[in-house]
1. Once region 164-253 is represented by equal point scatterers at the alpha-carbon sites, with solvent omitted, what log10 I(q)/I(0) does the Debye formula produce at q = 0.18, 0.24 Å⁻¹?
2. Dipole size in debye (nearest 20) for region 99-233 around its Cα centre, Lys and Arg Cβ +1, Asp and Glu Cβ -1?
3. Take every Cα pair under 8 Å in region 97-197 that's 6+ residues apart, average their separations, divide by the length, and report that relative contact order as a whole percent.
4. Would you be so kind as to identify which of L149, S222, F105 lies farthest towards the positive end of the dipole of the chain, taking Lys and Arg as +1 and Asp and Glu as -1 on Cβ and the Cα centre as origin?
5. Using the reciprocal of the averaged 1/r over all distinct C-alpha pairs, how large is the Kirkwood radius of region 114-270 in Å?
6. For a test of understanding, tell me how many lysine pairs in the chain have Cα atoms under 22 Å apart, given they are 8 or more places apart or on different chains.
7. Show me the three semi-axes of the equivalent ellipsoid for the chain, from the C-alpha gyration tensor (sqrt of 5 times each eigenvalue), largest first, rounded to whole Å.
8. Could you pull out which residues in region 56-85 have an amide N less than 19 Å from a spot 7 Å beyond the Cα of F232, following the Cα-Cβ vector?
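Nothing in this text is a laboratory measurement; each read-out follows from the coordinates by a stated rule. Every value quoted in this text rests on a predicted model; they were computed, and no experiment measured them. Here the Cβ positions follow ideal geometry from the backbone for every residue, glycine too, while neighbour counts run over all protein chains shown.
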Amino acid sequence: MPPSDEAARAAGAVRLGLRENWAQFALLVLINAFVGGMVGIERTVVPLIGSQEFGIASTTLVVSFIVSFGLVKAFANLVSGQLADKWGRKRVLVLGWIVGLPFPFIIIAAPDWSWIIAANALLGVSQGLAWSMTVIMKVDLVGPKSRGLAVGLNEFAGYLAVGLTALATGYLGAIYGLRPAPIYLGVFYAIAGLLLSVFLVRDTRAHVALETKAASESETLSFGEVFALTSFKDRNLFAASQAGLVNNLNDGMSWGIFPLFYASFGLGLERIGILKAIYPVVWGLLQIATGPLSDRWGRKVCAPVQNYIT
């Protein structure tokens with residue numbers, strides 16, 4: 001969908017580029033760290049809540065919270081871009097935080113495992129909307145020359161926060177127990193992310209208007225055309241989707257099964273937190289290099305390497 005007339009008129013007052021928009025860009029980096037931290041509070045303690053507090057012996061049942069999260073997040077990702085074009089990026093970002101705000105409180109108060117599964121459905125919607133918007137808004141701000149850098153810094157902030165929060169919850173859990181102390185981090189992330197998004201974030205549709213003002217309406221694609229193109233019609237985009245699937249499968253296994261595996265060998269929560277932090281921290285740190293390299297070398301170069309390694 002082309003940018004609105006208001007956004008197009010506002011485009012004359014904006015400029016593209018990281019240097020020109022560094023303040024808003026840095027704010028969005030911070031907000032995405034909070035988005036990632038919301039997932040990080042689950043990486044160490046939530047699987048152990050299922051096995052130790054609720055006495056769930058089945059590993060499959062324990063990791064069911066990841067299934068609810070993943071399915072809902074996938075659909076939220078699917079519609080987030082279309083909603084951003086219709087409603088504006090900021091409104092969708094704020095909506096994502098509003099949906100995610102009850103999540104840590106439900107985890108703290110949950111009397112049984114079904115509450116955890118429901119909470120993760122809310123988290124999936126929140127992540128699908130909020131994480132997607134921080135990516136899109138950063139890309140809007142920097143323009144076509146630095147898209148890889150923008151996405152790399154976004155992923156760096158998000159996954160570094162996932163890892164550091166997993167580490168922090170492990171130490172808090174070892175000292176104070178699985179609930180509620182480690183989950184208080186999520187309360188802070190949710191409130192801070194919502195307040196920053198409401199009061200400080202500015203919408204970026206004017207930047208889109210500036211970049212695309214020369215494009216005619218006939219060049220736009222419908223939602224169905226974009227879905228088909230990215231899913232199976234374009235070979236490069238299909239390969240990118242496949243690489244993302246492999247990444248998320250690995251991440252899901254690490255998220256749900258490894259804490260239970262480590263605990264079965266008698267490892268304490270603080271050590272489990274360290275092990276759980278390594279994967280997302282390394283993932284995040286490497287984005288600092290791979291994002292800018294994709295602007296220089298092209299997006300396709302790293303995908304075969306990633307699939308070979310994983």
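1. -0.99, -1.07
2. Values: 8 positive and 8 negative charges, 49 e Å.
The calculation lands at about 240 debye.
3. On the way: 65 pairs, mean separation 33.8, N = 101.
This gives 33 percent for region 97-197.
4. L149
5. Values: mean 1/r = 0.0523 Å⁻¹.
After inverting the pairwise mean of 1/r, the radius is 19.1 Å.
6. Count of close lysine pairs: 13.
7. Numbers: eigenvalues 241, 87, 65 Å².
That gives 35, 21, 18 Å for the three semi-axes.
8. 75, 78
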